[in-house]
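**Student:** Quick one: this structure, given as structure tokens, is what I'll be asking you about.
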Amino acid sequence: MLKLLSSSSCLQSRIHGLAPTSIRTGSAESTAPFLRVLSSLSRFNRRNPNLGCRAFFCSDATEGSEPAADVEVKEAESGAEAKSSSAIVSTNPRPEDYLTVLALPLPHRPLFPGFYMPIYVKDPKLLAALQDSRKRQAPYAGAFLLKDEPGTDPSFVSGSETEKNIYDLKGKELFNRLHEVGTLAQISSIQGDQVILIGHRRLRITEMVSEDPLSVKVDHLKDKPYNKDDDVIKATSFEVISTLRDVLKTSSLWRDHVQTYTQHIGDFNFPRLADFGAAISGANKLQCQEVLEELDVYKRLKLTLELVKKEIEITKIQESIAKAIEEKISGEQRRYLLNEQLKAIKKELGLETDDKTALSAKFRERLEPNRDKCPPHVLQVIEEELTKLQLLEASSSEFNVTRNYLDWLTALPWGNYSDENFDVLRAQKILDEDHYGLTDVKERILEFIAVGKLRGTSQGKIICLSGPPGVGKTSIGRSIARALNRKFFRFSVGGLADVAEIKGHRRTYIGAMPGKMVQCLKNVGTANPLVLIDEIDKLGRGHAGDPASALLELLDPEQNANFLDHYLDVPIDLSKVLFVCTANVVEMIPNPLLDRMEVIAIAGYITDEKMHIARDYLEKSTREACGIKPEQVEVTDAALLALIENYCRESGVRNLQKQIEKIYRKIALQLVRQGASGENEVAEPNQAEVEQVDGLLQNTDASENHSGVESAEGNSHEQENKSSSEPKTIQDAKEIENIEGQEATKTVEKVLVDKENLSDFVGKPVFHAERIFDRTPVGVVMGLAWTAMGGSTLYIETTQVEQGEGKGALVLTGQLGDVMKESAQIAHTVARAILLKEEADNTFFASSKLHLHVPAGATPKDGPSAGCTMITSMLSLALKKPVKKDLAMTGEVTLTGRILPIGGVKEKTIAARRSEVKTIIFPSANRRDYDELAPNVKEGLDVHFVDDYSQIFDLAFGDDQSS
């Protein structure tokens, strides 16, 4: 800050060695209150311009007490000198004598006359030249604003980058980057690399004198002559003063500027007022440079007025922001104080209890509805914990553990059972609505409901639904819950390796929680929900115990009446819970668990069932989900059949649903595109048609009014005419409405999905026919296999590699498992015995090396059920006879030729139907499994049940095979 020195004579003589000069007493206005400064702003044009003063510039308190320089304001005696009051001039030498000065670049803002500016000079040569000039009693230099680099925005350049650019500029390059108009600056002080400059008057660069350090020739600029009594100039200056006064009311920083400026510069005049307003405004450097370059006083005042007006707008925004924040803070403080006062009042009146009492009341209120049904041992534990809660400090960790424990104990539905619906007919209807087929599953559920109706209560059971993915196991569980009117809860145990997920954590652990079963009871709110345990065949086993063993206590009807969760540590009755488990492969379920379940196998769906499911369930739900109306699309039966056979051959219908959704998504896009294009093509109705419709409607109204006023006497003829004409008028109006409706809907055409254009919606077919041969050649026989995805046909091929004495051997390929390799060895032995029996002189097996292959080679295969198929393949090669056309077989064979039963009868039958096989050979022990199949699965099949391989030999190589 600039300060006015009280003792000027000694300091002036010390710096310049000049005679002391008295300071004008009028400068004492600087110590007056701020209102006097404001009055000086409003009365500066009425003061005597002939008054002068002498003042000193001084640096801030950090710069010590050394004065920078002195200026003398001389009294003007006459003429033009009398008009410029308080002009800044140097006593010795005069500023106008300096026509060649050092050029100092200013990076941020220009220096205005009457203001000081500290700058940093990093160039040692330039710093030495400035020090030398100051020592030679020539403490002046030219301060010029630096231009921005071409193509850069000055608003986005940081200060450090600007300073760095200045230090790199030298000589000619620096000269080209300087603005022409600058300020003659007095070097006040130099401390290190910091130089304090004080502006005196405007300069204009004419030419460069030297490059290092940069010196330039300058012209001293004077303001253009102006009429101080001009009303426009006065009005502009008064507006500047008024605006400054408004800003000064809110900004203390600006007040300091005004006081300091009036101390060392004297009274304001029009040019100084313009420079002052521009210098202290927050405008950017280019706008300030524009004010510095302007020599017309009126134009300079206008430019300054714009900058100051913008400053007051910024001040208003600042005030609004501050006011909004203050209101927000004061509102929050007020609310806080009121809340504290309310708490204090309640405490004095005894209206508020502490947290522990409120918690206890909440837990007791929650337990009250089920208190009569709650077991006594549980009530005892709850009371003990509530008493313990009152003794604990609210800040202790044990308090939180007890509170959470009570929260779980009181949230469980002790003895709260939902009302079950034992209506068998209603349950049958619900099951049929949700699923097609699955007769055995539905029968088992209806049996369960019937038993519950006769007993008056239902007992929890364990049902395990096994089958390939996508056959609807999980959705069946949801349908069962809806049919029984039970709450439904599902959790998957696939990959579960932590026993705590089932039986909960001990309460001593941080973050302890009950197991899934307790969470289920809390969520559903009843003690007899239907719990679906998904993927039970994929249980894991980790370092945290064996979840399969932990499930035993949960599922066993003899144990789950007193199921003990580690967290709750009180027995829970789960005997009324109906458990439904799902699995893909029953063999993967641990035997102790499997022993407690009632397994219902869902083999999958044949093509006919898939057609019904797609048409009645999947297509309808998908169409509604896509927002498509039934009249907008038609999917033919041929398209659905092709979709099932060529794209969705697996046992389940999940992939079929995905493909149908894919079709309807493309149809929805097609309809939207048609509608969007049709909106632009809909023309407005013709005027003649509108008039015709209005006329017909008027005729209809007139006929109705006329018929209403006619009497019933002697007008039978007129009524007959009316009755004969009225339907015609109404019919015409209906036809017009139909026409309008057709015009409204004609823009969207119906989409037809047929077998021919199916590939446009779902792409090329994924599956090809499993059947490779129309008629199997010699050495090739079709077998039937079971997979997790359902049934499939399996070709077994045998060929002769080489022949010779003692060459008998067998080579196996096709990724066969150990059991299947043993079946091949058994088949080879049995085939030799049968060939010896049928053709004693045939030494084929003794002298032939055989190669048996089971395609596809990349699919691992195992199981004993291909034994009879392998024997038939070897005998076909030995006898050089192909087997009967459209024949498939399955069955395990022993060394004596006995045929043992196999599994997956339904899957294998479905696979045979899919491959258009007409004759199937099953073991006799599987007759009961085949008899349980639905009639539509067995339709068109010729099935033979055999006990010994000799029966298969007769069927495969009999004399009637040509037929």
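The values are calculated or read from the model by the stated rules, or taken from the named source; none is laboratory data. None of the values given here were measured: they were computed from a predicted structure. Here the Cβ is made from the backbone with ideal geometry for all residues, glycine too, and neighbour counts use every protein chain on show. Calculation scope for accessible area: heavy atoms of the full protein, side chains included, ligands and nucleic acids excluded. Shrake-Rupley method; radii C 1.70, N 1.55, O 1.52, S 1.80 Å.
**Student:** Keeping all protein chains in place, calculate the accessible area per residue for the range 424-601 (probe 1.4 angstrom), answer in Å².
**Tutor:** Working: 7600 Å² over 178 residues.
Heavy-atom accessible area per residue stands at 43 Å².
**Student:** State to the nearest 20 debye the size of the charge dipole of the range 424-601 about its Cα centre, where the only charges are +1 on K and R beta carbons and -1 on D and E beta carbons.
**Tutor:** 680
**Student:** Moving on to the next point. Starting from 0.36 nm per residue, how many nanometres of slack lie between residue 637 and residue 669 once their C-alpha separation is accounted for?
**Tutor:** Full extension from residue 637 to residue 669 adds 9.3 nm.
**Student:** Report the Stokes-Einstein translational diffusion coefficient (µm² s⁻¹, integer) for the range 511-606, Rh taken as the Kirkwood radius over Cα pairs, at 4 °C with viscosity 1.567 mPa s.
**Tutor:** D = 89 µm²/s.
**Student:** Further question: According to a simple spin-label model (label point 7 Å from Cα along Cα-to-Cβ), what is the distance in nm between residue 948 and residue 345?
**Tutor:** 10.5
**Student:** How compact is the range 424-601 by the rule of thumb for globular proteins, expressed as Cα Rg over 2.2 N^0.38 Å?
**Tutor:** Relative to the rule-of-thumb radius for its length, the range 424-601 sits at 1.03.
**Student:** Say each of residue 232 and residue 925 gets a label point 7 Å from the Cα, pointing the same way as Cα to Cβ; how far apart are those two points in nm?
**Tutor:** It works out to 12.0 nm between the two label points.
**Student:** Follow-up question, since we're still on this one. At a 1.4 Å probe radius, carbon and sulfur cover how many percent of the accessible area of the range 406-548? Each step should come with its number before you reach the end.
**Tutor:** Values: 3080 of 6160 Å².
For the range 406-548, the apolar C and S fraction of the accessible surface comes to 50 percent.
**Student:** Carbon-plus-sulfur fraction of the accessible area of the range 355-404, 1.4 Å probe, in percent?
**Tutor:** Details: 1610 of 3130 Å².
Accessible surface attributable to carbon and sulfur in the range 355-404 totals 51 percent.
**Student:** What's the extension gain from residue 858 to residue 318 if we count 0.36 nm per residue and subtract their Cα-Cα distance? Let's see the in-between values first.
**Tutor:** Details: separation 540, 0.36 × 540 = 194.40 nm, distance 7.64 nm.
Difference between extended and current length: 186.8 nm.
**Student:** Could you give the accessible area per residue of the range 306-401, probe 1.4 Å, as a whole number in Å²?
**Tutor:** Details: 7390 Å² over 96 residues.
The answer is 77 Å² per residue.
**Student:** Toward the positive end of the charge dipole of the range 169-228, about the Cα centre and with charges on Cβ (Lys, Arg +1; Asp, Glu -1), which of 175, 221, 196 goes farthest?
**Tutor:** Sorting the options by dipole projection puts first 221.
**Student:** Just to compare against my own numbers: the Cα pair-distance distribution for the range 876-963, 5 Å bins, whole % per bin, please.
**Tutor:** 3, 13, 25, 24, 20, 11, 3, 1
**Student:** Mind scanning 122/249; 620/906; 224/285 and naming the pairs with a C-alpha gap bigger than 30 Å?
**Tutor:** 122/249
**Student:** Continuing with the same structure: Obtain the nm distance between the two label points defined at residue 450 and residue 939 by a simple spin-label model: each point lies 7 Å from its Cα along the Cα-to-C-beta direction.
**Tutor:** For the pair residue 450/residue 939, the computed spacing is 2.7 nm.
**Student:** Give me P(r) over the range 355-404, computed from all C-alpha to C-alpha distances, binned every 5 Å, as integer percentages.
**Tutor:** All Cα pairs, binned at 5 Å, distribute as 4, 21, 31, 23, 14, 6, 2 percent.
**Student:** Sticking with this structure for a sec: In Å³ and rounded to a whole number, note down the convex hull volume per residue for the Cα atoms of the range 780-957.
**Tutor:** In the range 780-957, the Cα hull volume divided by residue count equals 101 Å³.
**Student:** While we're on this one: Between residue 598 and residue 419, take the C-beta separation as r, use R0 = 41 Å, and let me know the FRET efficiency to the nearest 0.05.
**Tutor:** 0.95
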